[in-house]
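Asker: Below are the structure tokens for one structure; questions will follow.
The values are calculated or read from the model by the stated rules, or taken from the named source; none is laboratory data. Keep in mind that this is a model prediction, so the values were computed, not measured. So basically every Cβ, Gly included, is an ideal-geometry build from the backbone, and we count neighbours across all protein chains shown.
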Ligand code: FAD
């Protein structure tokens with residue numbers, strides 16, 4: 001039995017990236033995965049399959065609604081649901097196989113099965129106990145349950161995000177409980193496929209934590225796309241094609257019929273079966289594993305990263321932590337800048353943000369200035385029929401340093417990285433404003449927002 005320098009538990013974006021970086025740094029590495037395929041939630045039942053459905057349904061929407069506007073005449077395609085599921089499955093497989101290839105290339109042993117930590121330096125899978133100098137827990141998260149609602153992905157009537165990705169057919173009606181990122185992405189994909197989608201949200205705003213102006217504009221755009229929103233509503237039950245909810249403002253009870261109910265009320269850390277309690281690993285009151293600045297738990301030699309530790313539950317945050325933890329374990333400096341982690345919603349239009357929202361910036365007591373530019377003034381967005389959104393740049397009023405950026409518009413998820421890099425370099429809004437941007441691109445709107453922080457945007 002080989003002795004490892006590092007055993008990573010879980011092969012999601014946190015775990016597999018950690019394993020690869022550690023192997024690149026010369027460590028002998030194994031990665032334990034309980035699932036049949038590598039890649040974790042993200043590749044198997046998260047980011048990747050959901051983006052495949054979003055892409056395919058966006059293409060359908062373009063064919064149905066925008067092709068004729070561009071002089072492209074002909075019948076719009078029909079939905080072959082099995083075919084679309086096949087495309088989605090193939091997208092997942094090419095990606096999970098890609099991780100398999102990278103493991104082989106980097107000589108990482110893939111141990112198949114569910115891991116328990118017997119003691120620091122001892123990982124048990126099946127009947128075998130493996131010795132290792134360090135352990136990284138990257139076991140991710142699972143959908144949070146909702147009181148009064150029982151999810152049954154096999155029956156397909158009340159599902160979580162995993163079940164929503166593999167429905168037997170496109171439903172006529174769907175109730176989405178929770179107006180967070182996952183609910184809105186999947187809800188808008190089904191809406192484009194012809195489902196009548198109603199979103200029921202406990203709070204008064206969608207996408208909690210996002211910039212207030214973006215929340216409002218995003219809800220307006222999604223409503224125009226046909227999604228219905230019931231806000232300030234606490235769901236009581238969901239069964240037999242019916243959802244009951246109480247409006248918070250007056251406690252009145254209502255119900256809604258839906259062929260499928262998607263419960264998308266968030267995710268919680270998954271640490272079952274690891275044996276953390278017996279090891280004395282300290283946890284937060286939200287069930288996350290507590291870590292120090294070097295991703296180490298209170299038990300020396302046991303580290304944790306990704307969705308099972310505090311912070312945003314995002315694949316790229318898990319990846320960054322994976323790389324950094326590997327570097328620390330290999331005796332190098334690991335670094336994650338938690339102030340510059342972008343968040344993207346892959347609807348059409350996309351929504352992207354990084355750094356402080358206007359509300360958070362004001363709350364922090366800073367004097368700020370805001371540069372805003374609407375995509376109505378952007379030629380490329382207009383050609384794409386996506387001119388409803390805007391770029392909002394928030395900078396420090398005294399130093400001009402960029403504090404945050406919020407974009408709702410075409411390619412927002414790509415454009416946000418310009419501001420991420422600028423923030424990493426401590427740039428001022430003027431630095432972005434003075435940078436030549438190619439024309440015609442949607443990125444010009446970012447520059448215009450930066451110009452609007454100074455003497456003014458040109459095309460507004
Ligand atoms: P995971 O990806 O959850 O991987 C953990 C792995 O550990 C799993 O494969 C699990 O089987 C394995 N495991 C658990 N316990 C054990 C054990 N004891 N032994 C062996 N193996 C074990 N994030 C984004 O950034 N962008 C997106 O677009 C996006 N879209 C999403 C869409 C959906 C529908 C969902 C559900 C999530 C989405 N996310 C997205 C979130 C993203 O998937 C997670 O943040 C990310 O997967 C977390 O990575 P991780 O490595 O921490 O854990």
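Asker: From (1) touching a residue at least 60 places away in the same chain (Cβ under 8 Å); (2) surrounded by 18 or more Cβ atoms within 10 Å (Cβ to Cβ); (3) under 25 Å from the mean Cα position of the chain (by Cα), pick out the condition that doesn't hold for residue 371.
Answerer: (3)
Asker: For residue 452, only one of the following conditions fails: (1) under 24 Å from residue 386 (Cβ atoms); (2) touching a helix residue (DSSP H, G or I) at 6+ places or on another chain (Cβ under 8 Å). What is its number?
Answerer: (2)
Asker: Examine region 128-135 for a residue that is within 10 Å of the ligand (Cβ to nearest atom) and buried (at least 16 other Cβ atoms within 10 Å of the Cβ), and state whether such a residue exists.
Answerer: Within region 128-135, the subset within 10 Å of the ligand (Cβ to nearest atom) is none.
Taking every residue of region 128-135 in turn, none turns out to be within 10 Å of the ligand (Cβ to nearest atom) and buried (at least 16 other Cβ atoms within 10 Å of the Cβ).
Asker: Can you pull out the residues in region 20-37 that are within 11 Å of the ligand (Cβ to nearest atom) and crowded, with 24+ Cβ neighbours inside 10 Å?
Answerer: 31, 32, 33
Asker: Among the numbered criteria (1) within 16 Å of the ligand (Cβ to nearest atom); (2) touching a helix residue (DSSP H, G or I) at 6+ places or on another chain (Cβ under 8 Å); (3) more than 22 Å from residue 31 (Cα to Cα), which one does residue 312 miss?
Answerer: (2)
Asker: Oh, and also: Among the listed residues 162, 139, which satisfies the condition of being under 23 Å from residue 241 (Cβ atoms) and within 11 Å of the ligand (Cβ to nearest atom)? Lay out the reasoning, then the answer.
Answerer: On the way: 139 fails: under 23 Å from residue 241 (Cβ atoms).
Only one candidate qualifies: 162.
Asker: Residues to consider are 368, 329, 289; find the one that is more than 16 Å from the ligand (Cβ to nearest atom), farther than 30 Å from residue 402 by Cα and touching a strand residue (DSSP E or B) at 6+ places or on another chain (Cβ under 7 Å).
Answerer: Values: 368 fails: farther than 30 Å from residue 402 by Cα; 289 fails: more than 16 Å from the ligand (Cβ to nearest atom).
Exactly one residue qualifies, and that residue is 329.
Asker: Return the residues of region 185-217 that are closer than 29 Å to residue 355 by Cα, assigned to a helix (DSSP H, G or I) and within 16 Å of the ligand (Cβ to nearest atom); say none if nothing qualifies. Don't jump to the end; show me each part of the working.
Answerer: From region 185-217, those closer than 29 Å to residue 355 by Cα are 185-189, 199-217; that's our starting set.
Narrowing further to those that are assigned to a helix (DSSP H, G or I): 185-189, 212-217.
If the condition is that a residue be closer than 29 Å to residue 355 by Cα, assigned to a helix (DSSP H, G or I) and within 16 Å of the ligand (Cβ to nearest atom), then 185, 186, 187, 188, 189 are the ones that fit.
Asker: Cβ-Cβ under 9 Å, sequence separation 6+ or interchain: first residue in region 14-32 and more than 15 Å from residue 42 (Cβ to Cβ), partner away from the ligand (no atom under 16 Å from the Cβ) and modelled with pLDDT under 95. Which pairs?
Answerer: Correct list of pairs: 28/2; 28/3; 30/2.
Asker: With the checklist (1) under 28 Å from residue 82 (Cα atoms); (2) touching a helix residue (DSSP H, G or I) at 6+ places or on another chain (Cβ under 9 Å); (3) crowded, with 20+ Cβ neighbours inside 10 Å in hand, flag the one item residue 226 doesn't pass.
Answerer: All conditions pass for residue 226, except number (3).
Asker: Another question, then. Being touching a strand residue (DSSP E or B) at 6+ places or on another chain (Cβ under 8 Å) and assigned to a loop (DSSP other than H, G, I, E, B) is true for just one of 404, 454, 413. Which residue is that?
Answerer: Details: 404 fails: assigned to a loop (DSSP other than H, G, I, E, B); 413 fails: assigned to a loop (DSSP other than H, G, I, E, B).
Only one candidate qualifies: 454.
Asker: Give me the pairs: first residue in region 312-340 and over 17 Å from residue 420 (Cβ atoms) and at pLDDT below 95, second residue assigned to a loop (DSSP other than H, G, I, E, B) and within 11 Å of the ligand (Cβ to nearest atom), beta-carbon distance under 6 Å, and six or more apart or on different chains, which are they?
Answerer: Correct list of pairs: empty, since none qualify.
Asker: Here's something else I'd like to know. Return yes or no: is residue 247 farther than 25 Å from residue 124 by Cβ, buried (at least 16 other Cβ atoms within 10 Å of the Cβ) and in contact with a strand residue (DSSP E or B) (Cβ under 6 Å, 6 or more places away or on another chain)? If you could, list the steps in order and put the result at the bottom.
Answerer: Numbers: farther than 25 Å from residue 124 by Cβ: yes; buried (at least 16 other Cβ atoms within 10 Å of the Cβ): no; in contact with a strand residue (DSSP E or B) (Cβ under 6 Å, 6 or more places away or on another chain): yes.
Taking the combined requirement at face value, the residue does not satisfy it.
Asker: Counting only residues that are in contact (Cβ under 8 Å) with a residue 60 or more places away in the chain and either over 21 Å from residue 210 (Cβ atoms) or surrounded by 20 or more Cβ atoms within 10 Å (Cβ to Cβ) (or both), how many does region 375-402 have?
Answerer: Start the filter on region 375-402 by keeping residues that are in contact (Cβ under 8 Å) with a residue 60 or more places away in the chain, which leaves 375, 377-381, 385, 388-390, 392-393.
With the extra rule that they be either over 21 Å from residue 210 (Cβ atoms) or surrounded by 20 or more Cβ atoms within 10 Å (Cβ to Cβ) (or both), the set shrinks to 375, 377-381, 385, 389-390, 392-393.
Of the residues in region 375-402, 11 are in contact (Cβ under 8 Å) with a residue 60 or more places away in the chain and either over 21 Å from residue 210 (Cβ atoms) or surrounded by 20 or more Cβ atoms within 10 Å (Cβ to Cβ) (or both).
Asker: Going residue by residue through region 78-97, is there one that turns out to be under 27 Å from residue 274 (Cα atoms) and loosely packed, with under 15 Cβ neighbours inside 10 Å?
Answerer: yes
Asker: Then there is this: How about region 1-24: which of its residues are assigned to a loop (DSSP other than H, G, I, E, B) and under 26 Å from residue 312 (Cβ atoms)?
Answerer: In the first step, residues of region 1-24 are kept if they are assigned to a loop (DSSP other than H, G, I, E, B); the result is 1-3, 10-12.
Matches in region 1-24: 10, 11, 12.
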